[in-house]
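The values are calculated or read from the model by the stated rules, or taken from the named source; none is laboratory data. Here the structure is a predicted model, which means the values were calculated and not measured. Don't worry about glycine lacking a Cβ; one is built from the backbone with ideal geometry, like all the others, and counts go over all protein chains shown.
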Amino acid sequence: MSNDAPTRGETFVKMAIATVPYVGGPLGVLYEDILARRKARVSAMGIAALSRFEGTSEHFVMRLGEEPRLGGLFVTAAEAAARTTVDEKARAMGLLLADAADARGNESSFDEKELLLLALADLEWPHIRALGELGSFPTDEELHQQGKSNQTLGASPKREDRLRAIEALPSPVLAALLRHGLVQQESAVDGLYVNGLTPFGHKLLAYLQGAVQVEPN
């Protein structure tokens with residue numbers, strides 16, 4: 001799944017680095033190391049996909065070739081894995097790719113895996129960290145199920161902690177989570193507020209948590 005031949009872009013960068021006085025050598029070593037880590041994450045994504053897929057590696061490759069949408073997801077996952085600094089993200093995309101491949105004949109399941117993978121490809125560590133933090137807080141509906149009434153809901157420490165955590169999020173992080181439907185926004189008398197993760201958000205978080213258990217190599 002990897003190609004060791006350098007691209008023209010990589011060759012150009014190496015040449016440019018080599019011309020930098022005094023620090024060109026160390027910069028070149030650092031650049032090679034970063035490239036190696038990128039390739040390792042793409043490999044980890046592929047290993048996670050093959051370990052999850054219900055079939056042989058040959059069958060998996062056939063599925064990628066015969067289904068255009070699946071092939072497109074593979075390219076998206078590989079490119080995102082190469083760019084990310086989050087190992088769990090790379091492996092989670094491999095798990096999602098495998099589940100999309102296994103969803104043959106089940107269009108609604110494939111659609112969901114596609115949307116999950118596209119959302120994850122757009123997220124990086126600040127978004128993933130926020131997703132995990134918000135996933136630890138109950139929504140208002142869950143607090144109601146725990147016996148909280150409308151009168152006592154506002155005084156719930158867990159709800160107050162959730163609202164403080166959301167308020168502390170940088171605006172671009174919250175905007176990305178909202179854009180991908182990972183958190184739910186509710187209306188109130190004093191405006192809109194975020195009411196924890198959506199079921200879609202919990203599913204994506206579960207893939208990230210599952211990726212921690214996947215062997216990187």
Checklist entry - Taking Arg69, is it in the same structural domain as Arg52 (by TED's automatic domain parsing) and at pLDDT below 90? => result no
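For (1) outside the structural domain of Leu95 (by TED's automatic domain parsing); (2) at pLDDT 80 or above; (3) loosely packed, with under 15 Cβ neighbours inside 10 Å, each residue gets a yes or a no:
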{"residue": "Glu141", "(1), (2), (3)": "yes, no, yes"}
{"residue": "Ala175", "(1), (2), (3)": "yes, yes, yes"}
{"residue": "Ser187", "(1), (2), (3)": "yes, no, yes"}
{"residue": "Gly191", "(1), (2), (3)": "yes, no, yes"}
{"residue": "Val214", "(1), (2), (3)": "yes, no, no"}
Next on the checklist: Tell me the residue from Glu54, Glu114, Glu88 that is modelled with pLDDT of 90 or more and surrounded by fewer than 18 Cβ atoms within 10 Å (Cβ to Cβ), please.
Outcome noted: Glu54
Checklist entry - Where in the stretch 71-178 are there helices (runs of 4 or more DSSP H), lying fully within it, with 1 or more residues that are without any contact (Cβ under 8 Å) to a residue 24 or more places away in the chain? => result 107-121, 125-135, 140-145, 150-153, 157-167
Next on the checklist: Step by step: first the residues of the stretch 45-70, then only those that are assigned to a helix (DSSP H, G or I) and of a type in the set (D, E, K, R), then the one that is nearest to the chain's Cα centre (by Cα). Which residue is that?
Outcome noted: Arg52
Next on the checklist: Take Ala36 and tell me if it is loosely packed, with under 13 Cβ neighbours inside 10 Å and either modelled with pLDDT under 90 or at positive phi (or both).
Outcome noted: yes
